[in-house]
Amino acid sequence: MRLFKLTLTTIFRRKSWVICAFLVIVAPFILPQLSSGTENPTLIKPALAQAAWVMAWLCAAFWGYFAAAQTGEKLARTGLGEYFQTLGVSATRQLLETWLAIFTYVAPLGFAAAVVSILAASPGDPTERSMWMATNFQYAVLFAAVVAPLIALAIACASRFGAITGFLVSSGLSFYGLYGVGYVKQLVSVENNAILQWLWSASPHYHFADPTERLRYKLGAIEWSQFPLLLGYFAGIALLYLAISRLVFRVRATA
């Protein structure tokens, strides 16, 4: 696990993760005060919870995937990947160890958002509070399930096509799955087009992992009988992206 430790230490010493920690843990308490939410005190807690989760997703998209892409590019272009290969570390293991190091920093963002939401924005009613805690826990798990394969995809694409490409592929898929598919759904409802329907069906529906609407309107937790099905859906996407990542990933730059 030498490559894992090297990547973990390198990211830690860059200190850019501190900015993400600040945005997820501290910024949610500041942002509602800068908005019109202060005019209605009942909106403060929902706004705080929403801000925490939005910051988590933005940090994953802009920092997590960029850090992954940057690491993947350097692994191939600096000769570090070839060096570890001479030590007997296969390309698959290099991808796995690099992915694990990045995931160690990105996955806690979702759990940090859940903790902030639970500690600072839980409803007063005991029943609602229990449901609020369950909802945040569920979406912290879904957050990790979504970002995990996108990190691997960013590393792999960057190792072959460069850091900018790796970053744009993963962040683009993330934003499309969170927000873009909503526009596709609107188009499908307006125009009965087979291509649009296929695009809707084939799209990664990451909006299912975004809890902001459910928390804002207190819709409650996902039914526990349905939660494994949702995890299975994201696991299927993960298997596809991981297979693509392994095919694309390389440990040396082309001449």
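The values are calculated or read from the model by the stated rules, or taken from the named source; none is laboratory data. These figures come from a predicted structure and were not determined experimentally. We place every Cβ from the backbone using ideal geometry, glycine too, and count neighbours over all the protein chains shown. These accessible areas exclude ligands, DNA and RNA; they are computed on the full protein's heavy atoms, side chains included. Shrake-Rupley method; radii C 1.70, N 1.55, O 1.52, S 1.80 Å.
For the subset of segment 113-122 comprising residues that are under 24 Å from Q226 (Cα atoms) and open to solvent by 10 Å² or more (accessible area, probe 1.4 Å), which member is modelled with the lowest pLDDT? Can you show your working first?
Step one: filter segment 113-122 for residues under 24 Å from Q226 (Cα atoms), giving 113-115, 117-118, 122.
Narrowing the set further to residues that are open to solvent by 10 Å² or more (accessible area, probe 1.4 Å) leaves 115, 118, 122.
Numbers: V115: 95, I118: 92, S122: 83.
Ranking the candidates gives S122 first.
Is segment 172-184 home to any residue that is surrounded by 22 or more Cβ atoms within 10 Å (Cβ to Cβ), over 17 Å from A49 (Cβ atoms) and in contact (Cβ under 8 Å) with a residue 12 or more places away in the chain? So that I can check it myself, show each step before the final result.
Of segment 172-184, the ones surrounded by 22 or more Cβ atoms within 10 Å (Cβ to Cβ) are 173-174.
Remaining after also requiring over 17 Å from A49 (Cβ atoms): 173-174.
Among the residues that remain, those that are also in contact (Cβ under 8 Å) with a residue 12 or more places away in the chain are: 173-174.
Checked against the condition, which is being surrounded by 22 or more Cβ atoms within 10 Å (Cβ to Cβ), over 17 Å from A49 (Cβ atoms) and in contact (Cβ under 8 Å) with a residue 12 or more places away in the chain, segment 172-184 yields at least one hit.
So which of T78, T71 is under 15 Å from S159 (Cα atoms), of a type in the set (S, T, Y) and crowded, with 21+ Cβ neighbours inside 10 Å?
Details: T78 fails: crowded, with 21+ Cβ neighbours inside 10 Å.
Sole residue among the options that is under 15 Å from S159 (Cα atoms), of a type in the set (S, T, Y) and crowded, with 21+ Cβ neighbours inside 10 Å: T71.
Please specify each residue of segment 203-237 satisfying the condition of being aliphatic (A, V, I, L, M), surrounded by 18 or more Cβ atoms within 10 Å (Cβ to Cβ) and either in a helix (DSSP H, G or I) or over 22 Å from the mean Cα position of the chain (by Cα) (or both). Give the steps one after another, and end with the answer.
Taking segment 203-237 and keeping what is aliphatic (A, V, I, L, M), we get 209, 215, 219, 221-222, 229-231, 235, 237.
Filter once more, keeping what is surrounded by 18 or more Cβ atoms within 10 Å (Cβ to Cβ): 209, 215, 221-222, 230, 237.
Listed by number, the residues that qualify are A209, L215, L230, I237.
With respect to V146, is the statement that it is modelled with pLDDT under 95, touching a helix residue (DSSP H, G or I) at 6+ places or on another chain (Cβ under 8 Å) and farther than 23 Å from V251 by Cβ true?
Details: modelled with pLDDT under 95: no; touching a helix residue (DSSP H, G or I) at 6+ places or on another chain (Cβ under 8 Å): yes; farther than 23 Å from V251 by Cβ: yes.
So V146 does not fit the description; no.
For L153, work out the one condition from (1) surrounded by fewer than 16 Cβ atoms within 10 Å (Cβ to Cβ); (2) over 21 Å from V54 (Cα atoms) it doesn't fulfil.
(1)
With respect to the numbered conditions (1) over 30 Å from I118 (Cα atoms); (2) open to solvent by 70 Å² or more (accessible area, probe 1.4 Å); (3) assigned to a helix (DSSP H, G or I), which one is the sole condition not fulfilled by V188?
For V188, the exception is condition (2).
Among the listed residues F22, F29, identify the single one that is hydrophobic (A, V, I, L, M, F, W, C), farther than 27 Å from C157 by Cβ, open to solvent by 70 Å² or more (accessible area, probe 1.4 Å) and in contact with a helix residue (DSSP H, G or I) (Cβ under 7 Å, 6 or more places away or on another chain). Spell out the reasoning first.
Numbers: F22 fails: in contact with a helix residue (DSSP H, G or I) (Cβ under 7 Å, 6 or more places away or on another chain).
Testing whether each residue is hydrophobic (A, V, I, L, M, F, W, C), farther than 27 Å from C157 by Cβ, open to solvent by 70 Å² or more (accessible area, probe 1.4 Å) and in contact with a helix residue (DSSP H, G or I) (Cβ under 7 Å, 6 or more places away or on another chain) leaves just F29.
Being touching a helix residue (DSSP H, G or I) at 6+ places or on another chain (Cβ under 7 Å) and at pLDDT 95 or above: is that true of A152 here?
Details: touching a helix residue (DSSP H, G or I) at 6+ places or on another chain (Cβ under 7 Å): yes; at pLDDT 95 or above: yes.
Yes.
If I filter segment 80-91 for residues that are modelled with pLDDT of 90 or more, more than 17 Å from the chain's Cα centre (by Cα), of a type in the set (G, A, S) and outside any helix (DSSP H, G or I), do I get at least one hit? Outline the logic, then answer.
Applying the first criterion (modelled with pLDDT of 90 or more) to segment 80-91 yields 90-91.
Narrowing further to those that are more than 17 Å from the chain's Cα centre (by Cα): 90-91.
If we keep only those that are of a type in the set (G, A, S) as well, we get 90-91.
Now restrict to residues that are outside any helix (DSSP H, G or I): 90.
The answer is yes; a qualifying residue exists.
For every residue, the table says whether it meets (1) buried (at least 22 other Cβ atoms within 10 Å of the Cβ); (2) part of a helix (DSSP H, G or I); (3) in contact with a Lys or Arg (Cβ under 7 Å, 6 or more places away or on another chain).
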| site | (1), (2), (3) |
| --- | --- |
| W99 | yes, yes, no |
| I102 | yes, yes, no |
| G110 | yes, yes, no |
| G124 | no, no, no |
| R129 | no, yes, no |
| Q138 | no, yes, no |
| P149 | yes, yes, no |
